[in-house]
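The values are calculated or read from the model by the stated rules, or taken from the named source; none is laboratory data. Quantities reported herein were computed from a predicted structural model and do not represent experimental measurements. Cβ: placed from backbone, ideal geometry, glycine included. Neighbour counts: every protein chain shown. Quick note on the areas: whole protein, heavy atoms, side chains included, nothing else; ligands and nucleic acids left out. Shrake-Rupley method; radii C 1.70, N 1.55, O 1.52, S 1.80 Å.
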Amino acid sequence: MSDRKLPRLLQSPAVILLLIWMLIPLGMTLYFSFIRYVLNNLRRPEWTTPSLSNWRGFGNYEFVLNSKDFLFAIQNSLLIVCSILILTVVLGVLIAVLINKTFPGQGIVRVLLISPFFVMPAVNAVLWINMILDPVLGLQGIAVGSINDMLDTLRNAPLVGWFFSLWPELEPISFRATQTSAYAVIIMVTWQWTPFAVLIFMTSLQSEDQQQKEAAVLDGASIWSQFRFLTLPHLARPIAIVVMIQAIFHLSLYAEIEIVSRGNGNKNLPYLIGEFANNNIGAASATGIFAVILANIVAFFLLRMIGRTLME
Amino acid sequence: MAIVAKPSKFAKYGRPTLAWVVGLLFFFPIFWMVVTSFKTDADAVKPEHLIWFTPTLENYLNMTENYDYWRFAGNSVITAVFATVFTLFVGIPCAYAMAFNPSRATKDVLMWMLSTKMLPAAAVLYPMTFITKSAGLFDTHFLIIMVLSLINMPIVIWMLFTYFKEIPKDIIEAGQMDGVSTWGEIKEILIPLAWGGIASTALLCFIFCWNEAYWTVRLTTTDAATLSKLIEGNRAPEGLFFGRLSAVSAAAVGPIVVLGWFCQKQLVQGLTFGAVK
C-alpha cells in the first residue's frame with residue numbers, strides 16, 4: 001500500500017464516525033425546525049409524523065422568538081454563564097497567584113483545590129441544594145437557626161437585652177424559587193469550575209518570565225504594579241481561553257438546572273429544548289438551531305486561537 | 001540597602017495560611033458529604049448531631065437495598081471502560097496517521113473534530129431520541145458506549161496527536177525500512193514509546209465518561225442507567241434521606257476524584273486543546 005493512501009485509511013474510521021454523529025442528528029434538527037411536527041395533536045393528526053407537506057418555513061423560529069419562555073431562557077442562560085465566568089476568572093486569578101509560590105503543603109493544597117472539578121455534576125447539584133443550601137435542614141438552615149437561637153437568648157439577657165431586641169430575626173434563603181435557584185446553580189458551578197481556572201492559570205504562571213520580574217523588583221515596582229503590568233498581561237491569553245471554553249460548556253449546562261429547578265421556571269436553553277421536546281418538536285428544533293448559532297459564535301474565536309498554537 | 005528584599009511577614013505566614021484556608025474551603029463540601037454519609041438519616045438533619053454523632057456504616061451497607069447502587073455503578077463501569085477502549089482503538093490509528101504522515105488537510109481535520117465537541121448536545125436531543133428509539137437502541141449499553149465514545153473522541157485524538165508529535169519520526173521510519181507492517185509499527189513501536197501519554201489520555205477519557213450527565217440521563221431509563229441517572233433520580237429527598245444519599249454520592253464520586261488527582265496536568269492539556277502551555 002502506498003504511503004499516501006494509508007494515513008487517509010487510518011483516519012477514516014474516526015472521521016466517518018464523527019461525520020455521522022454530527023451530520024445526521026443536526027440535519028434532522030434542521031429539517032424538523034422547518035416543518036410542523038408535534039407528538040400529540042388530536043385535531044391535526046397529520047402533524048404528528050414528520051413530512052415535507054407540513055412545511056412551515058420560518059414559522060417555528062417566529063414562534064420561538066415570540067415566546068416569553070425563549071427570551072427568559074436566553075436572559076437566564078446569559079445571567080448564569082456570565083456570572084460564572086466573572087466569578088471563576090476573578091477567583092481563579094487570585095487563587096493561582098496566591099498558591100503559585102512554594103509553601104509548606106503546596107501539593108496538598110493543590111489536591112484539595114482541584115477535587116471539586118472531578119465531582120460529577122449530578123452529585124454536585126444534589127449535594128449543594130440539599131446538604132448545604134437547604135433553608136431548614138441544610139447547613140444554611142442550621143446556621144441561620146442557631147444564630148436566631150443565640151439572638152433569642154441575648155434578647156432575654158439582662159442589661160443588653162434591649163439592644164439585641166432591636167435586631168431582626170434572620171430569614172434563611174430558599175434556593176428553590178425561580179430566581180434564587182439560578183443563584184444556586186451559579187454557586188455550585190463556580191465551586192466546580194474555579195479549580196479548572198486555577199489549574200490553567202497556574203500552568204501559565206509557571207512560564208512567566210522570572211528575570212523580568214526580578215528586574216521589576218530591583219526597580220522597586222510594588223506588588224500591585226508587578227501584578228498589573230507583568231502577571232495580568234501574561235495571563236491575558238489563558239483568561240481568554242478559560243472564558244471561551246467555559247462559555248461553551250456552560251451554555252449547555254443541564255444536570256444542575258434539571259436537579260435544582262425542575263418545574264420552578266428557572267430554565268436555560270437546553271432545559272427549554274427539553275421542555276419543547278415533550279411535544280412541540282418543531283419549536284424544540286428551532287431552539288436547538290439558536291443554541292448551535294450561539295455556541296458557534298464562541299467556538300469560532302476559540303478555534304482560531306487553538307489553530308494558531310496547534311502546529312507549533 | 002539590601003538588594004534582595006527580606007520576605008515580608010505576609011510572604012512567610014500569611015500566604016501559606018490563606019492558601020490553606022482557600023484549599024480547605026473548596027474541599028469542604030466534599031468533606032461534608034463524606035461526614036454526612038456516616039450519619040444515620042435521622043442524625044443527619046439534627047443540629048445537635050452536626051459535629052458530634054455516632055458514626056455508622058449502615059448507609060454504605062444498605063446501598064444495594066436503598067438504591068440498587070451496584071447495578072448503576074456496574075453500568076457506569078461498563079460504559080466508561082468500553083467507551084474508553086473503543087475511543088482509543090479508533091483514535092490511536094487516526095492520531096498516528098496525523099502525526100507521522102500529515103497532509104495539508106490534517107490541521108483542518110483536527111480543527112473540525114474539535115468543532116464537533118463544541119456543538120450543544122441539547123440541539124440534537126429529539127433526533128437522537130427518535131433515531132435510537134426507532135433503531136431499538138434506546139437505553140442499551142451499546143448506545144451509551146457509542147455516545148460517550150463519540151463525544152470524547154475529539155479530545156482523545158487531539159491529546160494523542162500532541163503526544164505522538166513528540167516522538168522522533170526517525171524511529172518510526174526505521175521501522176518502515178525494516179518492513180514492519182503498519183499494525184506492527186503501532187503495536188511494537190508507537191504504543192510502547194507513547195505508553196505514558198496513552199495511559200493518561202485513557203484516564204482522562206474515563207473520567208469524562210463517568211461524569212457525563214446529559215446523554216446518560218436523557219437516553220436511558222433503567223437497563224443502561226449510570227450513576228448520573230441514579231443521583232438525578234433522587235434529586236430532592238427533602239431531608240428524609242440525607243445520610244444514605246450522601247453515602248451513595250460519595251461512593252459515586254470518590255474513586256473518580258482520587259483518579260483525578262493523578263491527571264491534573266493532562267486535564268489542562270485535554271480541556272484547553274493545548275492552547276495553554
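Within the full protein context, the accessible area of A:PHE229 is estimated at about 130 Å² for a probe radius of 1.4 Å. Working from label points 7 Å from Cα in the Cα-to-Cβ sense, the A:SER12 to A:GLU169 distance is 7.5 nm.
Every helix of 4 or more DSSP H residues in chain B counts as -39500 (n - 2.57), and over all residues that averages to -20500 deg cm²/dmol at 222 nm. The A-B contact accounts for approximately 8900 Å² of buried accessible area, totalled over both chains at a 1.4 Å probe radius. Looking only at B:GLY91, B:GLY179, B:GLY74, which one moves most when chain B is put into a Gaussian network model with springs between Cα atoms under 10 Å? Taking springs between Cα atoms under 10 Å, the residue moving most is B:GLY179.
Residues of chain B were split at every exposed loop site, defined as GluC sites (Glu not before Pro) in a DSSP loop with at most 11 other C-beta atoms within 10 angstrom, and the longest piece left, sites excluded, is B:1-165. Once the Cβ-Cβ distance of A:SER51 and A:GLN179 is raised to the sixth power relative to R0 = 41 Å, the FRET efficiency obtained is 0.50.
In this structure, the amide hydrogen of A:ILE35, modeled 1.01 Å from its nitrogen in the peptide plane, lies closer than 5 angstrom to those of A:ARG56, counting only residues at least 5 positions away or on a different chain. Histogrammed with a bin width of 10 Å, the alpha carbon distances of the protein assembly as shown distribute as 3, 15, 24, 25, 18, 10, 4, 1, 0, 0 percent, first bin at zero. Quick check: the angle from helix B:242-261's long axis to the longest principal axis of chain B, C-alpha only, nearest 10 degrees? So the inclination is approximately 30 degrees.
Suppose a student asked you for the relative contact order of chain A, using Cα pairs under 8 Å spaced at least 6 residues apart; what percent would you report? Answer for chain A is 29 percent. Spin-label point model (7 Å from Cα, Cβ direction): what's the B:HIS49 to A:ASN156 distance in nm? Those two pseudo-labels are separated by 2.6 nm. Couplings for the stretch B:210-217, taken from phi via the Karplus curve 6.51 cos²θ - 1.76 cosθ + 1.60 with θ = phi - 60°, read 4, 8, 4, 9, 9, 5, 5, 7 Hz in order; Gly and Pro are left as x.
Mean projection of the Cα convex hull over all viewing directions, computed for the stretch B:73-227: 10.0 nm².
Among A:LEU253, A:LEU170, A:LEU269, the largest mean-square fluctuation in a Gaussian network model of chain A (Cα springs under 10 Å) belongs to A:LEU170. Using C-alpha pairs below 8 Å separated by at least 6 residues, the relative contact order for chain B is 32 percent.
Taking 28 Å as the limit for the C-alpha separation, the pairs A:LYS267/B:LYS265; B:LYS107/B:LYS265; B:LYS107/B:LYS229; A:LYS101/B:LYS169; A:LYS213/B:LYS169 exceed it in the case of A:LYS267/B:LYS265; B:LYS107/B:LYS229; A:LYS101/B:LYS169; A:LYS213/B:LYS169. Helical runs assigned H by DSSP (4 residues or longer) give chain A a calculated mean residue ellipticity at 222 nm of -22000 deg cm²/dmol, each run adding -39500 (n - 2.57) before division by the residue total.
Taking all protein chains together and a 1.4 Å probe, the residues B:TYR163, A:TYR271 rank B:TYR163, A:TYR271 from largest to smallest accessible area. Under 16 Å between alpha carbons, and skipping anything fewer than 8 positions from B:LYS9 in its own chain: which aspartates and glutamates qualify? Within the straight-line limit of under 16 Å, B:LYS9 reaches no aspartates and glutamates at all.
Angle of helix B:69-100 to the longest C-alpha principal axis of chain B, folded into 0 to 90 degrees and rounded to 10: 20°.
Using a Gaussian network for chain B with springs between C-alpha atoms less than 10 Å apart, which of these wobbles most: B:ARG244, B:ARG104, B:ARG15? Of B:ARG244, B:ARG104, B:ARG15, the Gaussian network model singles out B:ARG15 as fluctuating most.
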